[in-house]
Amino acid sequence: MDIVYRFDPNAPMELDAPRSNKEALKQLIAGNDRFAKTVEHLQAIGTGEKQHPPMIIPVNPVKLGVPIVSGLEPAHAPFAMVMGCSDARVPIEHVLDCSANDLFVVRVAGNVLGLECLGSVDYAVTQLRSTIQSAVVLGHTGCGAVTAAVDIYLSPSNFADIAFSHAVRSLVDRIMLSVRGAARALEAVHGSKIHKHKRYREWLISTSIYLNSAVTAYDLQREVNSITKGLTVSYTVYDMAWTRIAALPIRSSDDVANVPRFLAAPKHADEFIELSNQVIERLV
Ligand SMILES: [Zn+2]
């Protein structure tokens, strides 16, 4: 199968950048859907289900964010800021099918907000506010940083083995709030014996991942509000098994139609409880 990136100079160029948070999120969802469809297409061909002509992907130099004239730097003009995890399986522009110059990306393991990250956020919000319409936290399933925090929560005696260095401890400490919240919610919904279930660790990791995204979004929204007005922070989670972004767990690629793709950052503690319950309802 061929995938052809084609530039047709005579084709109309759609250059309209998103002008609102809603338009920006819509573009990110459409990008993720294109990525997921391409993956599904390739999977179907790989299993012999499909024989298809070349897949044509239209491109143009402006959309790619590269100079149209040699020797000139393009203006820095991302339409969204994305705070994501460093995990190599979640290349952010790739999974959202965005080009160079579309996204201002901050990546750190566990998508937690440390001081250096806040410096990047501050820069984006003060220097690029005229083009940035949306801020997004992107967690992901199977997150190693969240898993480490869960394992320490479940077995505190292993703390020294997993998080001995100051740097790793600072990551784990920031995630622990979400792990404790997830554990409490699982117990509240399914009773105190839930931790004996063979899938308890798996459920705790998954619930913590969605909560951790929401907690980072909450913190990020407060930070953004201290710098500018009217920039909404949303959160979502990239499901590596289904290659889709969704703010609640999905059970299949079709199930993504039943859940919100993004949710706005929580404003009150009650919203975290509600989120935990919704996540657990879809997981357990
Ligand atoms: Zn991760």
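The values are calculated or read from the model by the stated rules, or taken from the named source; none is laboratory data. Please read all numbers here as calculations on a predicted model, not as lab measurements. Cβ atoms come from the backbone with ideal geometry, glycine included; neighbour counts cover every protein chain shown. When the accessible area is computed, the model is the full protein with side chains, heavy atoms only, and any ligands, DNA or RNA have been set aside. Shrake-Rupley method; radii C 1.70, N 1.55, O 1.52, S 1.80 Å.
Remark: pairs (first residue in the range 172-200, open to solvent by less than 20 Å² (accessible area, probe 1.4 Å); second residue not in a helix (DSSP H, G or I) and not β-branched (Val, Ile, Thr); Cβ separation under 9 Å; 6+ apart in sequence or on different chains) = Val172/Ala163; Ile175/Cys143. On the stretch given as the range 42-97, residues that are under 19 Å from Leu128 (Cβ atoms), in a helix (DSSP H, G or I) and open to solvent by less than 30 Å² (accessible area, probe 1.4 Å) total 1.
Just checking, does the range 167-186 include any residue being more than 14 Å from the ligand (Cβ to nearest atom), out of contact with any Lys or Arg (no Cβ under 9 Å at 6 or more places or on another chain), among the charged types (D, E, K, R) and modelled with pLDDT of 95 or more? Yes.
Annotation for the range 144-163: at least one member residue is within 16 Å of the ligand (Cβ to nearest atom), open to solvent by less than 40 Å² (accessible area, probe 1.4 Å) and touching a Phe, Trp or Tyr at 6+ places or on another chain (Cβ under 8 Å).
Can you tell me how many residues in the range 1-22 are in contact (Cβ under 8 Å) with a residue 40 or more places away in the chain, over 18 Å from Val62 (Cβ atoms) and open to solvent by 80 Å² or more (accessible area, probe 1.4 Å)? The qualifying residues number 2. Checked against the criterion of being open to solvent by less than 10 Å² (accessible area, probe 1.4 Å), more than 27 Å from Trp242 (Cβ to Cβ), without any contact (Cβ under 8 Å) to a residue 60 or more places away in the chain and more than 14 Å from the ligand (Cβ to nearest atom), the range 109-127 has at least one qualifying residue. The number of residues in the range 128-143 being within 11 Å of the ligand (Cβ to nearest atom) and open to solvent by less than 10 Å² (accessible area, probe 1.4 Å) comes to 4. Of all positions in the range 17-34, none carries a residue that is closer than 30 Å to Asp254 by Cβ and either at pLDDT below 80 or in contact with a His (Cβ under 8 Å, 6 or more places away or on another chain) (or both). Restricted to the range 262-283, and to residues there that are of a type in the set (A, V, I, L, M) and open to solvent by 60 Å² or more (accessible area, probe 1.4 Å), the residue that is farthest from Arg184 (Cα to Cα) is Ala269. The residue list Arg6, Arg19, Arg34 contains one member that is over 26 Å from the mean Cα position of the chain (by Cα) and among the basic types (Lys, Arg), which is Arg6.
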